[in-house]
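Trainee: Input: one structure, supplied below.
Readers should treat all values here as calculations from the given coordinates under stated rules, not as data from a laboratory. On a predicted model such as this, the values are computed, not experimentally measured, just so you know. Every residue, glycine as well, gets a Cβ built from its backbone with ideal geometry; the counts of neighbours run over all protein chains shown.
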Amino acid sequence: MTSKFERVLLAAALLGWTICSSVAAEPAAAPRQVGRTIPSFSLQDFRGKTWSLEELQGTKATIIAFLGVECPIAAQYAMRLKTLAEKYADVGVSFAAIDSNQQDSLAELAHFARTHELEFPLLKDLGNKVADQFAAQRTPEVFLLDANRKVVFYGRIDDQFTYGIQRSKVEHQYLIDALDQLLAGQTIAISHADPVGCLIGRLLTPKAMTSGRGPEITYSKHIARILQDNCVKCHRPGEIGPFALTNYDEVVGWAEMIREVVDQQRMPPWHANPKYGHFLNDARLSDEDKQLIARWIDAGAPEGDKADLPPPRTFTVGWQIGQPDQIVYMTEKPFSVPAKGEVRYQYFLVDPGFTEDKWVKSAECRPGNRAVVHHIIVGIVPPGAKLGGGDFAGGWLAATAPGARPMVLREGMAKKVPAGSRFVFQMHYTPNGTPQQDRSCIGIVFADPSTIHNLVATKKAGNQRFRIPPGDPNYKVEANNMLSRDMLVLSLMPHMHVRGKAFRYTAFYPGGESEILLDVPHYDFNWQNGYEFLEPKLMPKGTRMFCEAWFDNSEQNLANPDPTKEVRWGDQTWEEMMIGYFVATPADQDLQTK
């Protein structure tokens, strides 16, 4: 089972709360926090030792970092702070970290410090009093104090990580630049850079009861149900959510963050335009539920009567498809993932030992180490076929990524794997600051051939001939697939890389009519969503599946590895792909008809 810390280490780039606007530094008028003298305070660390600000203070500078043990972005920066503390230790600069989240326990602080090997003090700010004193808002957020405890810089550490986006390299080292300028006796050029991360889980005070009837909206009566229905599938122990939303004490600390991601439609992750299509896995919150969440937080997030809690939901633990008939691992020995840098896609060719044709009705890719596995695609390589490229021209069996569900086909449907086929695992790893190992696998449930009526295949409309110009913010690429027989389309899955901006599927029918099947106006590479039709979509012979993709190769795309380069087709994330996958089966097929 995945530990709480491993879920935290799923980087914002994997789990991300996605937002594509840039975060600007403020070199002009100094914000009001700059120039303030921080009064003394005393806090205990996770071992119970009390530290005063005077004891924490360096002779030339002091850096106070507000962290949260469950915030993915804070986890990304913990090792960076450790490195900076070691680098500046001999020049009179001291470091300390403060956790002001009401939901973070001392045991969790201890585990965080031990895992990241933090040598500087990590303190617990009960009641967020010191966070209020600093006017700190997010984790991570740093404050640079001079020798007189005056704030000379505050905000983000650098600009590499943001919500769901990771730059290939740091462009602005705000903290280091300010610190070096302070030590050199120079004017600090940038005294504030807007912090990026999780809102601090401050104590909330429920509003006073009126007319003796208590708050109108409570966690127990209203919010727990919403979270059970929409969030707990991922936000529970052992799953990909970086924190659990299964009890009031945990949820209340995330209340304001929940409001933010819901208001900005960053959570739950769903990127389809609601004007088009009806999908089985639609993850959107209803307007009523959004309003209930907002009213609950406005009321101070009261717990209410525990007797009003909904019955506990039972979620499948482990394999979501049930116990597989066969488990195939990508390799015999774990693959070592470095602590940092960009790892090229890794391909592992495996023989599952099929001596006869196999019919697969469900399959699930399971990361061996969720902390570093962004996605897995398992392709089928039939006997005599060459290992294809990243578009899996030989057909793919199943895949997983944040947002994706296991492949579970409808009754009477299956994918065929010919005897003698091999599997190829495409593995995308994202280093998280510490060396890791991974040995992922796929679990398969076979079907009795006598029960299968329809053969399912993953098809595509793709284009490999594009050239995205340097700096182009809205480059369009098109692709077509003309259907040669009547087909039932079960699901759609657009695929691009980090320059992907938007994607649309349109069906042009033989009679001249057209229909937008799926519109994704804000494509996000971090969430590899498939869109499963509520009912299979009939596409008559001669229908043209038309796909349009838009790419942002400009510097405004924070995830863009290099806006100065022309971009072509390629497997790696710094290259691009344009594929409109669709899962389909012949409409008139019945394998049991003789």
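Trainee: For the range 363-510, with equal point scatterers placed on the C-alpha atoms only and solvent neglected, what are the log10 I(q)/I(0) values from the Debye formula at q = 0.13 1/Å, to two decimals?
Mentor: -0.77
Trainee: Another question, then. If you average over every viewing direction, what projected area does the convex hull of the Cα atoms of the range 517-594 give, in nm²?
Mentor: Result: 8.0 nm².
Trainee: Longest segment of the chain with no GluC sites (Glu not before Pro) in a DSSP loop having at most 13 other Cβ atoms within 10 Å? Numbers along the way, then the final one.
Mentor: Values: sites that count: Glu117, Glu119, Glu171, Glu332, Glu356, Glu411, Glu513, Glu566.
With GluC sites (Glu not before Pro) excluded where exposed in loops, the chain gives 172-331 as its longest stretch.
Trainee: What Kirkwood Rh does the chain have if only Cα atoms enter the pairwise 1/r average? Answer in Å. Intermediate results must be reported in sequence, preceding the final value.
Mentor: Working: mean 1/r = 0.0384 Å⁻¹.
Taking every pair of different Cα atoms in the chain, averaging 1/r and inverting gives 26.0 Å.
Trainee: Quote the charge dipole size of the chain about the Cα centre in Debye, to the nearest 20; the model charges only the Cβ of Lys and Arg (+1) and of Asp and Glu (-1).
Mentor: Numbers: 63 positive and 69 negative charges, 124 e Å.
Roughly 600 debye, rounded to the nearest 20.
Trainee: Here's another thing I want to ask about it. Find which of Val232, Met257, Gly277 sits farthest along the positive direction of the dipole of the range 224-289, computed with +1 on the beta-carbon of Lys and Arg, -1 on that of Asp and Glu, about the Cα centre.
Mentor: Gly277
Trainee: Give, in nm to one decimal, the length gained when the segment between Gln346 and Asn474 is fully stretched (0.36 nm per residue of separation minus the Cα-Cα distance).
Mentor: On the way: separation 128, 0.36 × 128 = 46.08 nm, distance 2.99 nm.
Contour length minus Cα-Cα distance gives 43.1 nm.
Trainee: Could you tell me which of Leu409, Pro431, Ala461 has its Cα farthest along the dipole of the range 326-586 towards the positive end, charges placed at Cβ (Lys, Arg +1; Asp, Glu -1), taken about the Cα centre?
Mentor: Final value for the positive-end residue is Leu409.
Trainee: Between Met267 and residues 5 or more places away or on another chain, which pairs have amide H atoms under 5 Å apart, with H built 1.01 Å from N, and which residues are they?
Mentor: The answer is Val262.
Trainee: Over the range 219-308, calculate the relative contact order: mean separation of alpha carbon pairs under 8 Å at least 6 apart, over the residue count, as a percent. All intermediate terms of the calculation are to be shown ahead of the outcome.
Mentor: Working: 72 pairs, mean separation 35.5, N = 90.
After rounding, I find 39 percent.
Trainee: Taking the range 314-358, which trypsin sites (Lys or Arg not before Pro) meet the DSSP loop condition and have no more than 14 other C-beta atoms within 10 Å?
Mentor: On the way: sites: Lys340, Arg344, Lys358; in loops: Lys340, Arg344.
Here the sparse-neighbourhood loop sites are Lys340, Arg344.
Trainee: Taking Cα atoms, how many degrees apart are the long axis of helix 174-183 and the longest axis of the chain, rounded to 10 and kept between 0 and 90?
Mentor: 30 degrees
Trainee: What is the calculated FRET efficiency for Ala184 to Gln291, with r their C-beta to C-beta distance and R₀ = 56 Å, to the nearest 0.05?
Mentor: 0.60
Trainee: Against the longest alpha carbon principal axis of the chain, how many degrees, from 0 to 90 and to the nearest 10, is the axis of helix 287-298 turned?
Mentor: 10 degrees
Trainee: Let me ask something additional. Please compute, over every Cα-Cα pair in the range 71-127, the percentage with a separation greater than 14 angstrom.
Mentor: Roughly 56 percent, once rounded to a whole number.
Trainee: Between helix 106-116 and the chain, what is the angle of the helix's C-alpha long axis to the longest principal axis, kept within 0 to 90° and rounded to the nearest 10?
Mentor: 70 degrees
Trainee: Calculated FRET efficiency, Glu555 and Ile327, Cβ-Cβ r, R0 56 Å, to nearest 0.05? Write down the numbers at each step before the final one.
Mentor: Values: r = 45 Å, r/R0 = 0.80.
Calculated value: 0.80.
Trainee: Could I ask something else about it? Can you pick out the pairs among Lys386/Lys415; Lys501/Lys537; Lys129/Lys306; Lys82/Lys333; Lys333/Lys361; Lys233/Lys415 whose Cα atoms lie more than 22 Å from each other?
Mentor: Lys501/Lys537; Lys129/Lys306; Lys82/Lys333; Lys333/Lys361; Lys233/Lys415, as the Cα separations exceed 22 Å there.
Trainee: Would you kindly calculate the translational diffusion coefficient of the range 219-308, applying Stokes-Einstein with the Kirkwood radius from alpha carbon pairs, for 10 °C and a viscosity of 1.306 mPa s, and quote it in µm² s⁻¹ without decimals?
Mentor: Numbers: Rh = 13.8 Å.
So the translational diffusion coefficient is about 115 µm²/s.
Trainee: What is the Cα centroid distance between the range 287-336 and the range 45-106, reported in whole angstrom?
Mentor: The range 287-336 and the range 45-106 have Cα centres spaced 32 Å from each other.
Trainee: Do you know the relative contact order of the chain, to the nearest whole percent, from alpha carbon pairs under 8 angstrom that are 6+ apart?
Mentor: 14 percent
Trainee: Alpha carbon centre of the range 506-546 versus the range 125-163: separation in Å?
Mentor: Comparing the Cα centres of the range 506-546 and the range 125-163, I get a distance of 47 Å.
Trainee: Just from its helices, what would the mean residue ellipticity at 222 nm be for the chain, if runs of 4 or more DSSP H residues each count -39500 (n - 2.57) and the sum is divided by every residue, rounded to the nearest 500 deg cm²/dmol? Spell out each step's value before the answer.
Mentor: On the way: 11 runs with 90 residues, N = 594.
Computed ellipticity for the chain at 222 nm equals -4000 deg cm²/dmol.
Trainee: Calculate, in nm to one decimal, what Gln437 and Ala385 gain on full extension: separation in residues at 0.36 nm each, minus their alpha carbon distance.
Mentor: Result: 15.7 nm gained on full extension.
Trainee: Then there's this: What whole-number volume per residue, in cubic angstrom, does the convex hull of the C-alpha atoms of the range 326-586 give?
Mentor: Numbers: hull volume 33.1 nm³, N = 261.
Residue-normalised Cα hull volume stands at 127 Å³.
Trainee: Let's test the formula: R0 of 25 Å, r as the Cβ-Cβ distance of Asn281 and Gln592. What FRET efficiency results, to the nearest 0.05?
Mentor: That gives a FRET efficiency of 0.30.
Trainee: Expressed in nm to one decimal, what extension gain is obtained for the pair Glu411 and Thr355 from 0.36 nm per residue of sequence separation less their Cα-Cα distance?
Mentor: Here the answer is 17.6 nm.
Trainee: Can you give the charge dipole size of the range 326-586 about its Cα centre, rounded to the nearest 20 debye, using +1 on the beta carbon of Lys and Arg and -1 on the beta carbon of Asp and Glu?
Mentor: Taking the Cα centre of the range 326-586 as origin, the dipole is about 400 debye.
Trainee: Which ³J(HN,Hα) values, rounded to whole Hz and listed in residue order, are derived for the range 576-582 from phi using the Karplus coefficients 6.51, -1.76 and 1.60 in 6.51 cos²θ - 1.76 cosθ + 1.60 with θ = phi - 60°, glycine and proline given as x?
Mentor: 9, 9, 9, 9, x, 6, 8
Trainee: Let me ask you something else. Determine ³J(HN,Hα), in whole Hz, for all residues of the range 90-97 in sequence, where each value follows from phi through the Karplus function 6.51 cos²θ - 1.76 cosθ + 1.60 and θ = phi - 60°; x replaces Gly and Pro.
Mentor: Result, rounded to whole Hz: 8, 10, x, 10, 10, 10, 8, 10.
Trainee: 5 Å is the cut-off here: which amide hydrogens, built 1.01 Å from N in the peptide plane, fall below it relative to Met487, excluding neighbours closer than 5 in sequence?
Mentor: So Met487 has HN proximity to Met539, Lys541, Ala587.
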